[in-house]
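Single-structure report; data block below.
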Amino acid sequence: MRRRRFAALLLVMGLVAGACSNSNGGGGGQEPSGGGEKKVKVALILPNAKDDFTWNQQAYEGAIAAEKAGSFDLDWVDNVGQDASSFIPVAERYAQEGYDLIIAHTFDYGEPVKQLADQYPDVDWAWAGSGIPDDLKQNVAVYEQPFYEGSFLAGILMAGASKTGKVGAIAGFDIPACHSMVEGFHAGAMLFNKDIGFEATYLGTWFDPAKEKEAALALYDAGVDIIGVCGTPTGVIEAAKEQNKGVIGYVNEQESAAPQNVLTSVAWNTQLTFETMAADVADGQFEPAKSYHVGLADGGIVVEPNPQYKDPIDQAALDLYHDVLAKVKSGAFEPPYIPEGSAEDVKVTI
Amino acid sequence: MDWGAVFGAAAIVPWLNSGIRLAMPVACAAAGETIGQRSGVINLGLEGMMLGGALGAFLLSLQTGNTWLGFLAAPVVGALLALLMGLFTIKLKAEQVVTGIVFVLLAYGLSSFLYQELFEVQAAPPHIERLPIVKVPLLGDIPFIGPILFEQNVLVYVSVGLIALLWLLLFRTRFGLAVRAAGEAPAAADAAGVPVDTVRMISLMISGAMAGVGGALLVIAQLGFYQDQVTAGRGWIAIALVYFSRWNPLWAAGGAVLFGVVDALQLRIQAAGGGFHNPIPFEVFQALPYLATLAVLLFAAKRQRRVGQPAALGIAYEKEATV
Amino acid sequence: MAAELASGDVAGAIGVGWSQRARGLVATLVAVVAGLVIGGVMFAAAGAPPLGAFEELIRGAFGSTFGIYQSLEQAVPLAIIGIGLTVPFRAGVWNIGAEGQFYLGALFGGIVAIYLPVDQPALLIPLTFAAAMVGGALWAAIAGWLKARMGVNEIVSTLMLNYIGLFVFLYLIRIPFRDPDNLIIQSKVVQDAARLRDLPGTFVHAGILVAIVLVPIVAYLMNKTPFGFQAGVMGLNPDAAETAGVDTKRMTIRVMMISGALAGLAGIVQVEAVQLVLNGAISRQFGFTAIVVALLGRNRPLGALLVAIFLGTLAVGGVSVQQVYQIPTAIILAVQAIFVLLLLAAERLIRRA
């Protein structure tokens, strides 16, 4: 009985669909580009909620800002899901509808992007990966998340503001972007204070603020007084407020959430990153297997100490921070990239 | 790896405190679910009801500026969602497992959508005033036990009270008897005059209300803000714990505490150096609470005779028409 | 009439003396209309024209061969796992652990698919399938054993094992089976010979064949063999089954292993057809959605397949609606859930008619 009813339902839907698609000419949803210069059509695919206060939100806000600034035309979708079989129908539809640049905003989208790039060579694909895999295609670019550059700077400030001599980090998963970020905090802190203590916790989830808060409390109880974050920071910020300790914002500027407890944020200027890529697409400069490393030197990553932070930052640390920042901007120094292993095994000289 | 930092005297109190905080939302939901399941209804929609309670409590607190008032929204929202689910599973006799799972999906979608509609994308989530931590006079001064048991958020005491009430309800009242009868032998209960469907609906609404309270705990006692999917799968753990608890609300809460304490432990182990530069992969620590639950189950199973689940669990009661 | 309405018998209320089929049809239509209305209200709340949104929902899934292929592809993992779940469900064993079994199966099968030096797909792919089924079956057997020999309730054990299995998987791809040339945490790509390609002349991958082939196999197993008969008896009344000579302990382990094997098979199919690597995102809660698939399909393999396809069309249609009208994905998920709920209600109304 159920079988037949479902079959009937599917049949009915199919007939209706056939009737509908006959009565309605071409595909939907495409706006014709206005007269004058044809803008790049960008599609942004977000794996989770656009209001997650961090990773997805920053991409969303940056893209919207770029659209408002007239840099490109934008369509976006959020809550797509992290897995390939959820990503592919969404991305394929954009590819078929003539989008110029499709931005796949998480590392797990790498493999399906490579496949789709094969099938749709006229579309340019950008992917939030790490490093350039060997088999990257002509029309695929990686846009790095050089958080480690920012976390290195933040680490200096952390060491300069820590009262207990021990700082730490909480990360969702031990992926290269987070591992290098965590070790970046560590390396930066050691640069200012080679005896600084450092602990890190990996949560096993990106989205559990209550658990993050408990993890932060555990670190604070263990003597850490400033925590860097690679993941949803809202729970950690709450713990920092409660315990009157320090925290570093992740991806967004989070000073407004807790003006006295957020020492700084490793803010990611997604608008700049996306505009850079779109500009290349417009100029036909989207090179094969290009890596877009829009980092500290280019203004893609921004780390600025929060003047309202509850404790003073050691002036020597501030001087070191300015020194390092200047050297990065001039190209004289590159913060260390430590995707595996420990910062303790890496020698850093400015 | 500094084990002293994890198990040392100074560390025990914060650790157990953290364990209780992690446990309470799950404890509420699990204890409530035991009532529902005792009456014969499986409520797999717990995660959705926790989420609904959390969002409802948050919104009302934000709107009225009064968190106590906001808290009242939690059991109401939870119970209403349970009522809706009951229309499907009890009234229409739809399959309970499927209905529950689909309900959770509906709750995910609606809560996400509602939150997105009500709040713009902003740098930090809007905050409400959290309910305070209360230290019980005298009892709170007992060394060691005092800070753990008697210096908790006021909602923790409320929850413990509610859970104790649930136990009393189930085992010391006539209603509780009716609940258990409805779950063990609905036909006989019906013949004896017990309105089986009504009893089940009420039990289901109790489980929904408790789930809502559990969700609200997260938001108005611990975090002070709401975020998409803030419950993060706790509802499913609560369901598992019901089976662990042999359908006893106190044991369900106990199981939740066990789980929470081990979870807090693994976080503290990682904070003491366990997660970082350590040959033991941190996945082992992340898996600890689940392994611990299984281990206790195994241990308990070996020692006790099997306590069966309510005989009519999951089976909708169809009155044999003898009009 | 009031009494019938009150007892939920809508069809009875409005048509005394109709045939059962007609009542069933009416109930279904009522459910569909109610779904359209509620869904329409939700679409409107999200800022999309209700009629247009539904039209797009259908057109996205059916209006082009592309949509149909995508719907089938979305259905594959749900169908394979769902068909597998009909086995323990019929025996009254609640396997909630398909998600973990999926991952473990993908792991076992994936290791073979990546490292075994075999060139011919005709040889390699079956080997990967076998490995995956072993992996899934073994993982499920743990819960089966715990229930059979130790009396541990399978709902809680399989739920816990889901998480534990996931952590095991994540560790193994983070360190021992990591792709050394890639910074992202994933395994190496499966060998070309292990890839499941599209069926010739179509854009749907061969995994759909696996799902289709499983239907008669599992149906035969459950309907025409002593094993299937025993499982059914167990499901109706385990104590009576024991008295009648069914070894419920062995059966418990066996049904768990069968569904675990199929969940594992779904895992490797998904990896070889769509994902191509092992990473933490090879599943989107397929193991849980498949529970809905099996139960809505009345624990019958063909029913499970059809429900899986239906859910696949909903997913693909939803993508289309989202893109055309730029409405939040969340509301589409809610509308999909409402549709399924109303179908459940309709099904109940039919049965009571």
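Between A:LEU74 and A:VAL42, the built amide H atoms are under 5 Å apart, and every one of these is 5 or more places off in sequence or on another chain.
By the count of other C-beta atoms within 10 Å, a proxy for reagent exposure, B:ASP197, A:ASP78 are ordered fewest to most as B:ASP197, A:ASP78.
Remark: mean inter-chain Cβ contacts per residue of B:224-234 equal 6, using a 10 Å Cβ-Cβ cutoff to other protein chain atoms.
Among the trypsin sites (Lys or Arg not before Pro) in the range B:1-103, none sits in a DSSP loop with a Cβ that has at most 13 other Cβ atoms within 10 Å.
Straight-line reach from B:LYS93: taking Cα to Cα under 20 Å and skipping same-chain neighbours fewer than 8 places apart, the aspartates and glutamates in range are B:GLU33, B:GLU184, B:ASP190, B:ASP197, B:GLU318, B:GLU320, C:GLU4, C:ASP9, C:GLU347. Per residue of peptide C:271-282, the mean number of Cβ atoms on other chains within 10 Å of the residue Cβ is 5.
Scan chain A and hand back the longest stretch that contains none of the GluC sites (Glu not before Pro) lying in DSSP loops with at most 13 other Cβ atoms within 10 Å.
Here the longest run is A:38-339.
Send over the semi-axes of the range C:46-163's equivalent ellipsoid, whole angstrom and largest first, taken as the square roots of 5 times the C-alpha gyration tensor eigenvalues.
Output for the range C:46-163: semi-axes of 34, 24, 11 Å.
Taking the square roots of five times each eigenvalue of the Cα gyration tensor of the range B:1-117, the equivalent ellipsoid has semi-axes of 32, 21, 13 Å, listed largest first. Amide H to amide H, with H built 1.01 Å from N, A:THR201 comes under 5 Å of A:ALA169, A:ILE170, A:ALA171, counting only residues 5 or more places away or on other chains.
As a quick test, which of the pairs A:LYS41/A:LYS213; A:LYS290/C:LYS188; A:LYS41/A:LYS327; A:LYS194/A:LYS327; A:LYS41/A:LYS114 have an alpha carbon distance above 29 angstrom in this structure? Provide the component values of the computation, followed by the final result.
Numbers: A:LYS41/A:LYS213 40 Å; A:LYS290/C:LYS188 21 Å; A:LYS41/A:LYS327 36 Å; A:LYS194/A:LYS327 20 Å; A:LYS41/A:LYS114 20 Å.
From the list (A:LYS41/A:LYS213; A:LYS290/C:LYS188; A:LYS41/A:LYS327; A:LYS194/A:LYS327; A:LYS41/A:LYS114), the Cα-Cα distance tops 29 Å for A:LYS41/A:LYS213; A:LYS41/A:LYS327.
Available extension along the chain between B:ALA295 and B:ILE145 is 51.4 nm, counting 0.36 nm per residue and deducting the alpha carbon span. The aspartates and glutamates whose alpha-carbon is closer than 14 Å to the alpha-carbon of A:LYS39, local same-chain residues fewer than 8 away aside, are A:GLU31, A:GLU67, A:ASP73, A:ASP75, A:ASP100, A:GLU275, A:ASP280, A:ASP283. Under the combined filter of DSSP loop state and at most 10 neighbouring Cβ atoms within 10 Å, the range A:171-237 retains these trypsin sites (Lys or Arg not before Pro): A:LYS194. Would you kindly derive the ³J(HN,Hα) couplings of the range C:284-298 from the backbone phi angles with the Karplus curve 6.51 cos²θ - 1.76 cosθ + 1.60 (θ = phi - 60°), listing them in order in whole Hz, with x for Gly and Pro? Per-residue couplings from phi come out as 10, 6, 4, x, 7, 4, 5, 4, 4, 4, 5, 6, 5, x, 6 Hz. Considering Cα pairs under 8 angstrom that are at least six residues apart, work out the relative contact order of chain C and quote it in whole percent. Answer for chain C is 35 percent.
Size estimate for chain B follows the Kirkwood approach: the inverse of mean 1/r over distinct Cα pairs works out to 20.5 Å.
Can you give the Rg to Rh ratio for the range C:187-332, taking only C-alpha atoms and Rh from Kirkwood?
Across the range C:187-332, the Cα-based Rg/Rh ratio is 1.05.
Take peptide B:84-91, look around each residue's Cβ out to 10 angstrom, count Cβ atoms belonging to other protein chains, and average those counts.
Numbers: counts 1, 1, 0, 2, 5, 2, 0, 5.
Partner Cβ neighbours, averaged per residue: 2.
D by Stokes-Einstein for chain C, Kirkwood Rh over Cα pairs, 25 °C, 0.890 mPa s: 113 µm²/s.
Between C:VAL26, C:VAL269, C:VAL321, the Gaussian network model of chain C with springs among Cα atoms under 10 angstrom shows the greatest mean-square fluctuation at C:VAL26. Semi-axes of the equivalent ellipsoid of the range A:61-212 are 36, 16, 15 Å, computed as sqrt(5λ) over the eigenvalues of the C-alpha gyration tensor in descending order. Label-to-label distance for A:ASP298 and C:ASP181 is 2.6 nm, based on points extended 7 Å past Cα in the beta-carbon direction.
How big is the convex hull of the Cα atoms of chain A, per residue, in Å³? Intermediate results must be reported in sequence, preceding the final value.
Numbers: hull volume 58.4 nm³, N = 350.
Enclosed volume per residue, from the Cα hull, is 167 Å³.
R0 = 56 Å: FRET efficiency of A:SER256 with C:THR243, Cβ-based, nearest 0.05?
Using R0 = 56 Å, I get an efficiency of 0.20.
Rounded to whole numbers, the Karplus 3J(HN,Hα) couplings from phi for the range A:177-193 are 4, 7, 4, 5, 5, 4, 5, x, 3, 4, 5, x, 4, 5, 4, 7, 9 Hz, using 6.51 cos²θ - 1.76 cosθ + 1.60 with θ = phi - 60°, and x at Gly and Pro.
Pairwise Cα separations in the protein assembly as shown fall into 20 Å bins from 0 onward with the following percentages, short to long: 13, 46, 35, 6, 0.
A DSSP coil position with no more than 15 other Cβ atoms inside 10 Å describes the following GluC sites (Glu not before Pro) in the range B:106-178: B:GLU120, B:GLU129.
Sorting A:CYS178, A:CYS230, B:CYS28 by the number of Cβ atoms found within 10 Å of their own Cβ, with the fewest placed first, yields A:CYS178, A:CYS230, B:CYS28. Only helices enter this figure: runs of n ≥ 4 DSSP H residues, each worth -39500 (n - 2.57), summed and divided by the residues of chain B, yield -22000 deg cm²/dmol at 222 nm to the nearest 500. Any idea what the relative contact order of chain B is, in percent, if you count C-alpha pairs under 8 Å spaced at least 6 apart? The normalised contact order for chain B reaches 38 percent.
Residue pairs exceeding 29 angstrom between C-alpha atoms, taken from A:LYS68/A:LYS137; A:LYS211/C:LYS249; A:LYS166/A:LYS211: A:LYS68/A:LYS137; A:LYS211/C:LYS249.
Taking amide H as placed 1.01 Å from N in the peptide plane, B:ASN153 has its amide H under 5 Å from the amide H of B:VAL134, each at least 5 places away in sequence or on another chain.
log₁₀ I(q)/I(0) of the range A:92-134 at q = 0.27, 0.33 Å⁻¹, via Debye over equal Cα point scatterers, no solvent, to two decimals? Here log10 of I(q) over I(0) equals -0.99, -1.30. When the Cα positions of B:ALA272, B:PHE225, B:ALA256 are compared along the charge dipole of the range B:219-306, B:ALA256 comes out farthest toward the positive end, with charges on each C-beta of Lys, Arg, Asp and Glu.
In chain A, what percentage of the DSSP-assigned beta bridges are antiparallel, given to the nearest 5? Around 5 percent antiparallel, to the nearest 5. The fewest-to-most ranking of B:MET210, C:MET133 by surrounding Cβ atoms within 10 Å reads C:MET133, B:MET210. Only Cα pairs under 8 Å and 6+ residues apart enter the sum, and on that basis the relative contact order of the range B:1-134 stands at 26 percent.
Laboratory data are not the source of any read-out in this text; all were calculated from the coordinates shown. Fair warning: this is a prediction, and the values are worked out from it, not measured in the lab. Counting neighbours? That spans all protein chains shown, and the Cβs are built from the backbone with ideal geometry, glycine included.
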